[in-house]
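The block underneath contains the structure these notes are about, expressed in C-alpha cells.
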C-alpha cells in the first residue's frame, strides 16, 4: 500500500526545502551562483516595466506561460522546454501571431537576464540567452494595395466618422491607434509652413519616437471638418471619442462595398478587398502622405 497523499507532499516539500538550504549554503560559503527561476525573472520584468503600455497584455501572457516554465531555472528555459506551451496554445485555437507575441515577452526576459540583470557578485542571471524560434504564419496575408477607385467605393459605404478617420489615415500613413487618439493639444503651429502639424507623443508610436505629421491638402480638410467638435480629441462620434476604426461598422461597409464591386468596377471582387482591414490603409505610395510642395526635413530632423 502506497504512502498517503499528504505524506508524499510533505516529503516533496521537505526535499525542496533541503535543496534551497543547500543552495544558500553553497552561495554563502563557496560563492556559488544562486539559481533563479523563470518566475523570479518574470516578476522582476513586470516590476521594472510598470510604465509599459502593453504591461497588462504581457502579464496575461506570462500568467499562461508560468504554468509551463514558471518553476524552471532560467538555464532550462529554451526552445524545447517551451514547446508544450506552444502546442497547448495551438490546440486551443490561438493564432501563431498571438503565440509569437507571448514568446517575444519570454525572449525579452531571457535577454535581460543575460545582458542586464546582475546578482550580488556582479554575475548575469543567465550565462547566454537561447535562440527561440517564432511560429510561422501559414495563412498570413500581406496588405491589400487599395486603389483609388476601390477607396472611393469603400469610403462611400462608411459612416461619416469612420470615413473621416479612414481618409485621414490613408493620407498620413498613421497607425490606427495614432489616429483614434489624435488630440488637439498635439497640434503645433509652424510659421515656416504657414500651417500646423501634429506631433504624436512617443507613447502612442510603435517605435517609441515622437511622430511629426505634416498634413497634405486632404488630411488638412479632414482636420478642419472636425475642429471645435470636441475639446480634446479630433475624431469623435456623438460627442464621444472613438476607440477604433476596424469595428462592426467597418466590416459592414466592407461587405456592402464587396457586393457592389463587380457591378461598379467591372471585375470580380478580390479576396483581399473582401477582408480589407483598417491597417491596410497604411500601405500606400508615399506621394499620398506628404504635401508635394513641402520637404519636412527642412524643418524637422525626424524626417531627415
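The values are calculated or read from the model by the stated rules, or taken from the named source; none is laboratory data. These numbers were taken from a predicted model, which means no experiment stands behind them. Please note: Cβ atoms are built from the backbone with ideal geometry, for glycine as well, and neighbour counts cover all protein chains shown.
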task = State yes or no: is residue 229 in contact with a strand residue (DSSP E or B) (Cβ under 7 Å, 6 or more places away or on another chain) and in a loop (DSSP other than H, G, I, E, B)?
result = yes
ask   = Given the conditions (1) at pLDDT 90 or above; (2) more than 26 Å from residue 145 (Cα to Cα), which single one is not true for residue 203?
value = (1)
request  = Specify the residue that is surrounded by the most Cβ atoms within 10 Å (Cβ to Cβ); the eligible residues are those in region 43-65 that are closer than 19 Å to residue 90 by Cα and without any contact (Cβ under 8 Å) to a residue 40 or more places away in the chain.
outcome  = 64
query = Say we look at region 197-226 and pick out the residues that are loosely packed, with under 14 Cβ neighbours inside 10 Å and free of Cβ contacts under 8 Å to residues at least 12 places away in the same chain; which of these is nearest to residue 280 (Cα to Cα)?
reply = 207
ask   = So, of the residues in region 190-219 that are in a strand (DSSP E or B) and under 25 Å from the mean Cα position of the chain (by Cα), which turns out to be nearest to residue 170 (Cα to Cα)?
value = 213
Tally, over region 242-261, of residues that are under 28 Å from the mean Cα position of the chain (by Cα) and in a helix (DSSP H, G or I) = 8
ask   = Looking only at residues in region 85-110 that are free of Cβ contacts under 8 Å to residues at least 24 places away in the same chain and surrounded by 15 or more Cβ atoms within 10 Å (Cβ to Cβ), which one is nearest to residue 65 (Cα to Cα)?
value = 85
inquiry  = Of all residues being in contact (Cβ under 8 Å) with a residue 40 or more places away in the chain and part of a loop (DSSP other than H, G, I, E, B) in region 232-241, which is farthest from residue 279 (Cα to Cα)? Just the residue, please.
reply    = 232
request  = With respect to residue 103, determine if the residue is within 17 Å of the chain's Cα centre (by Cα) and under 14 Å from residue 78 (Cα atoms).
outcome  = yes
